[in-house]
Number of protein chains: 4
Amino acid sequence: MPIDPMYPKSFASDNHAGVHPTILEAISAANVGDAPAYGDDTWTSTFEEKIKETFGPTAEGFAVLNGAGANMVGLALMLGRYDAIICADSAHIATHEAGASERLLGVKLMTVPTEDGKLRPADIKSRLDGLGNHHVSQPAVVSITQTTELGTTYSPAEIAAIAEVTHEAGLRLHLDGARLANAAAFLNCDLKAVTTDAGVDVFGFGGTKNGALAAEAVVVLDPSLAHAVPFLRRQSLQLASKMRFISAQLSALLTNDLWRQNASHANAMATRLATGLADVPGVSLAHPVQSNAVFATLPPTVAEPLRRRYLFHYWDEAAGTVRWMTAFDTTPEHVDDFLDDIHKAAAT
Amino acid sequence: MPIDPMYPKSFASDNHAGVHPTILEAISAANVGDAPAYGDDTWTSTFEEKIKETFGPTAEGFAVLNGAGANMVGLALMLGRYDAIICADSAHIATHEAGASERLLGVKLMTVPTEDGKLRPADIKSRLDGLGNHHVSQPAVVSITQTTELGTTYSPAEIAAIAEVTHEAGLRLHLDGARLANAAAFLNCDLKAVTTDAGVDVFGFGGTKNGALAAEAVVVLDPSLAHAVPFLRRQSLQLASKMRFISAQLSALLTNDLWRQNASHANAMATRLATGLADVPGVSLAHPVQSNAVFATLPPTVAEPLRRRYLFHYWDEAAGTVRWMTAFDTTPEHVDDFLDDIHKAAAT
Amino acid sequence: MPIDPMYPKSFASDNHAGVHPTILEAISAANVGDAPAYGDDTWTSTFEEKIKETFGPTAEGFAVLNGAGANMVGLALMLGRYDAIICADSAHIATHEAGASERLLGVKLMTVPTEDGKLRPADIKSRLDGLGNHHVSQPAVVSITQTTELGTTYSPAEIAAIAEVTHEAGLRLHLDGARLANAAAFLNCDLKAVTTDAGVDVFGFGGTKNGALAAEAVVVLDPSLAHAVPFLRRQSLQLASKMRFISAQLSALLTNDLWRQNASHANAMATRLATGLADVPGVSLAHPVQSNAVFATLPPTVAEPLRRRYLFHYWDEAAGTVRWMTAFDTTPEHVDDFLDDIHKAAAT
Amino acid sequence: MPIDPMYPKSFASDNHAGVHPTILEAISAANVGDAPAYGDDTWTSTFEEKIKETFGPTAEGFAVLNGAGANMVGLALMLGRYDAIICADSAHIATHEAGASERLLGVKLMTVPTEDGKLRPADIKSRLDGLGNHHVSQPAVVSITQTTELGTTYSPAEIAAIAEVTHEAGLRLHLDGARLANAAAFLNCDLKAVTTDAGVDVFGFGGTKNGALAAEAVVVLDPSLAHAVPFLRRQSLQLASKMRFISAQLSALLTNDLWRQNASHANAMATRLATGLADVPGVSLAHPVQSNAVFATLPPTVAEPLRRRYLFHYWDEAAGTVRWMTAFDTTPEHVDDFLDDIHKAAAT
């Protein structure tokens, strides 16, 4: 369904945005003559250094092609043949990666229901009973999403508490950071505070939803694991041959805090939208707005006319909950126009 | 190992080339506002139409991210749990995809030794003995590469003969077309002649080695198979969220025969190189030059000084065979300079 | 932990019983000279005929080595690369097969919470939303267990209702029949009534828990699926070379209704045990007794002294629920002695 | 194809033999009352002790259900996601396990052609070039078969030499010992000499082909690997619930050297057969007879009439090579009758 040209702004996903001009320029700037393939180039060296600058000297970064790829490569590092992943039942790896966890990793997802998409230490402890029982998949990794699929954000202390219980039980901590930038922007901390400093072992750092064309990083903080990434990335179909163009995108995001600039803007637009909803009768927020996502509950009589003009998805159609996403390119005018239309729909 | 700036041209791989300007422009041109993700956009519709124009009305095209991805998605369509693929022992799927066939597809590769990288009908027949025997992996797909990993090219009649024996035995025919454009350019035929018209069931159409940034297509000619591609592409980590930028690359290649222009040029540069080798003492061609690859055998005394100045790989170090690849951006001057250096090395 | 020789009867599992004498005799009787391996023998032909006699002329039976094997081979027949199984969250395939579903089948288990281990049609409908969405594992099979892991039993009409909603949605129905005999004995119907006649497509028929040494059958009722079993059985490590000894066990069970004799006896012993619990203070049944399993809730002060004398497991230790199983070899005296000890423990 | 009752002895496979009486008695003797399932019984403890007595104190034995299962469980212990196995191209894991290596293990088999089924150190070295190259499956295990699929036998020194080159390269050594007993009997050494003492890391010890009903052991000599076996055995469908009956078979074989008695007898019958072939015109041995297998090359005019009376298989029909196997129950009269018929067929 193409967007109605009269209402060109999508609130369906930060994936609907295009490429940030600075990132497109970085791609063009890398298009100079020949360069070795598969990462043996200077753009990739620069990216690797920027990962270390950002996440600390033990961090090893590996560029991949998409978020599901970052998850699968990162998780595969830590999972044997009879292992399981503990995650929220709303986790992207559990719900929207077409069974890649089961098929590519071959492991069980031990999902935990949550209200806000966030795992708690007690959730993890509740899934450890089977450790040592050979009839049962063995929990080996805890995977959390930051920001979560519900737009909520873990504080550094919350992640550290999860890391503690995870490591005490002999498991490792994975973080799906497709929107890690939005979390750090919301928390007003640096990226290291919610990853390296909080005890994460392996995570993905998302670029695509934050203005890149197609670029994500797998970042490995446990040095015993990094050697396997090149093999797993190649086998998992996540190795770009003309790698310089992927690395250049990630380096652009990590230069002059472009990642924060884009994410803060997107977050601010979500907050603007949420704020503007406050006085719309019949519309309420389903989750606190802690990133670039607004989950709102509204009656079908409001939602349906809006859906004829704007791209967005129901999150839970039965409950009347929709998800509205903002992006680096969402303008205040986009939001205000949208709010106007919401008001009109609610008033009808 | 970075390229010596004095000798900036790589002969190691067509992957070392950058992005063709027309394709980079197509990417920029697609960067206009928002668009639905995952292929529900007008750039992707255009790409799908161009696939039908090029390969016939039954052809369904699906954009993916790299060549190994195109192979795995295309093959997965045709392979059950206890199946096998018959292919040349030099096939990329057998040698350079880090075991993706075995791990992601879970199937056996029944490899056949060949002199020139090309399967013959008799090779296929020789691998069918186990059909029906429950102790043995069941051949279900024949996979050929066009042009082959050794730079040789199947004629349309050769492919048709393979298709005939393949289909008679109840198997399906897959073609790894990472360099399909080079084959059609060499054969001076259209792309349909070596795919649809020759009886191929599923193939990959490569963009990346022919001037794209990162773009390949899985093309399905058997209509009973196409419905599964979106699921397999998603699960295999080959679905781009900002799909329009992948589709735009492929459409650019399929517009005004850019694919042929690039491939013909690369082929011509390989021929120029091969021709120039004729009078170099001690250097001989290991395979006929039928695309953009030159396989040459030369003594280490010649190869080693060249390797200090140019990027290229040994194919078979013990035999003294090297692979030199040309690309859309290789110039006659690049070739002539290289030939000069080869002459000098051989004269020392 | 060996059983205390003073209390030699185990109530932990019907797997703790030995081999029924008739079945052991059948094994010995098959030990006469040589016979072709892998099923090409007369004992296996007899077994195959008995399967048809029991389940109808379209039924094709394949002997395998254990219950998890029967499940994996049967399910693999019906599952593609991006499929999912809908099952109760207490299903053996979900809880106690060490992740075989995820690793060997490579599919997602869409588990549904239930009170009594039984899926209902509405449960299945509630898991079909993702059909056709390429981001989501595609439900392809519904799997039910008869009797369930909680000792409850589906009536033929309940299975037929499940089959109807399953088939309407284009899915197939699998039944884990590790204790199918106990169900038919409880329902006082023949085995066909709860399988073939109720619309099941593929099921396992358990022998081991009902007096065999190690023997289960995969039974395929959908004729389009049977051809794949020999390959999947071989690949899944479930093919016995000296097959006659497995087939002979299954034939013995299917001769003179030995299956029913064993199962009815075990069921009767469970009923005797449950009946005897009625007047034990503090002890209650957690589920209705509809087979050879008694789930009882009792205080730790009662459970712990019993556990020092008898082998049995907690099902839910926090809730104080234990599982007591009876078998073909459980005697009324065993039950009465056990009840005596329960009474004594409860009186302390 | 049932055996012609006039010629009841099969020379097709040692799997065509029945169960040795001592082993059947051991099964019956274990059928006394209840016992814990899954190996927590005294018969299994006895088996584990006998493994240590036979193979040394570091050996840990795990009973499984068949030879392919022993291979898959043993190999899975040592293989990661992007690994490969180096083996002879005649290896059972490569040829007759229906692709289990590729599907269940997910790894590549790097097969080496051999004349006699035996790998040499140089064969292993020839497959190590790709170590460290992320485009290539990484050799991690060398797997040899003792006795080989061609009936030949490695000496302890030959295995030690293979172990040395394997370990030097950082790989591990696996041995498929489906007919390990025949090898030790032929070599007149104990079982430890060709396993523990020769540097093997993990191996299978076959019972079924040597008189058991269905029983094999996975034996782990590298103590760092043993902890994973229970999980892998369960997940790989190789865990018997009524384990005592499997353990009892293996213990019987390991008691009073029954394994050697059976294997020596079978070997002697093969030698008797081979010796008797010496003066048959047109019949020659294809491989030296070093176990219970005779590979003979004979013209179709001899083979075909024999095949109408006896069960046996062509090994290479084009070459006219057949495989004749003897077993614990082959009598001198069986061999002599068979030789008579061979003489008659050759004389026609």
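Residue-level analysis places residue D:240 among those that are part of a loop (DSSP other than H, G, I, E, B), on the phi < 0 side of the Ramachandran plot, in contact with a Ser or Thr (Cβ under 9 Å, 6 or more places away or on another chain) and crowded, with 24+ Cβ neighbours inside 10 Å. Of the residues making up the stretch B:23-75, those that are within 8 Å of another protein chain (Cβ to nearest Cβ) and closer than 30 Å to residue B:109 by Cβ are B:65, B:66, B:67, B:68, B:69, B:72. Return yes when residue A:270 is of a type in the set (Gly, Ala, Ser), within 23 Å of residue A:154 (Cβ to Cβ), under 25 Å from the mean Cα position of the chain (by Cα) and not assigned by TED's automatic domain parsing to the domain that holds residue A:191 and no when it is not. Spelling it out, residue A:270 is indeed of a type in the set (Gly, Ala, Ser), within 23 Å of residue A:154 (Cβ to Cβ), under 25 Å from the mean Cα position of the chain (by Cα) and not assigned by TED's automatic domain parsing to the domain that holds residue A:191. Taken as a whole, the structure places residue C:82 among residues that are surrounded by 19 or more Cβ atoms within 10 Å (Cβ to Cβ), hydroxyl-bearing (Ser, Thr, Tyr), within 10 Å of another protein chain (Cβ to nearest Cβ) and in contact with a helix residue (DSSP H, G or I) (Cβ under 8 Å, 6 or more places away or on another chain). Taken over the stretch C:71-93, residues that are outside any strand (DSSP E or B) and β-branched (Val, Ile, Thr) amount to 2. Within the stretch D:186-237, take every residue that is polar (S, T, N, Q), surrounded by 24 or more Cβ atoms within 10 Å (Cβ to Cβ) and out of contact with any Phe, Trp or Tyr (no Cβ under 9 Å at 6 or more places or on another chain) and give me the one that is farthest from residue C:76 (Cα to Cα). Among them, the one singled out is D:208. With respect to (1) assigned to a loop (DSSP other than H, G, I, E, B); (2) more than 8 Å from chain A (Cβ to nearest Cβ); (3) within 26 Å of residue D:104 (Cβ to Cβ), the lone exception for residue C:97 is condition (2).
A residue that is outside the structural domain of residue D:324 (by TED's automatic domain parsing) and farther than 30 Å from residue D:132 by Cβ occurs somewhere in the stretch D:86-100. Looking across the stretch C:77-131, the residues that are out of contact with any His (no Cβ under 9 Å at 6 or more places or on another chain) and at positive phi come down to C:99, C:106. When the stretch C:100-136 is filtered for residues that are more than 13 Å from every other protein chain (Cβ to nearest Cβ), free of Cβ contacts under 8 Å to residues at least 40 places away in the same chain and of a type in the set (D, E, K, R), the ones remaining, listed by number, are C:115, C:123. Just one of (1) in contact with a strand residue (DSSP E or B) (Cβ under 7 Å, 6 or more places away or on another chain); (2) over 19 Å from residue A:37 (Cα atoms); (3) outside any loop (DSSP other than H, G, I, E, B) fails for residue B:322. It is (2).
For the stretch B:304-338, filtered to residues that are hydrophobic (A, V, I, L, M, F, W, C) and within 14 Å of residue B:285 (Cα to Cα), the residue that is farthest from the chain's Cα centre (by Cα) is B:319.
The residue that is farthest from the other protein chains (Cβ to nearest Cβ), counting only those in the stretch B:212-237 that are in a helix (DSSP H, G or I) and under 21 Å from residue B:180 (Cβ atoms), is B:226. Checked against (1) among the hydroxyl-bearing types (Ser, Thr, Tyr); (2) in a loop (DSSP other than H, G, I, E, B); (3) at pLDDT below 95; (4) surrounded by fewer than 20 Cβ atoms within 10 Å (Cβ to Cβ), residue A:255 passes all but a single condition, namely (3).
Evaluated against (1) of a type outside the set (Lys, Arg); (2) in a helix (DSSP H, G or I); (3) not assigned by TED's automatic domain parsing to the domain that holds residue A:249, residue A:45 falls short on exactly one condition, (3). Scanning the stretch C:292-319 for residues that are within 19 Å of residue C:9 (Cα to Cα) and either in a loop (DSSP other than H, G, I, E, B) or of a type in the set (Lys, Arg) (or both) turns up C:292, C:307, C:308, C:309, C:310, C:311, C:312.
For the stretch D:43-76, a tally of residues being surrounded by fewer than 21 Cβ atoms within 10 Å (Cβ to Cβ), within 25 Å of residue C:240 (Cα to Cα) and more than 22 Å from the chain's Cα centre (by Cα) returns 2. Does the stretch B:128-142 contain any residue that is within 21 Å of the chain's Cα centre (by Cα) and not in a loop (DSSP other than H, G, I, E, B)? Looking for residues that are within 21 Å of the chain's Cα centre (by Cα) and not in a loop (DSSP other than H, G, I, E, B), one finds at least one in the stretch B:128-142, hence yes.
The values are calculated or read from the model by the stated rules, or taken from the named source; none is laboratory data. This is a predicted model, so every value here is computed, not measured. Neighbour counts are summed over all protein chains in view; Cβ atoms, including those assigned to glycine, are modelled from backbone coordinates with ideal geometry.
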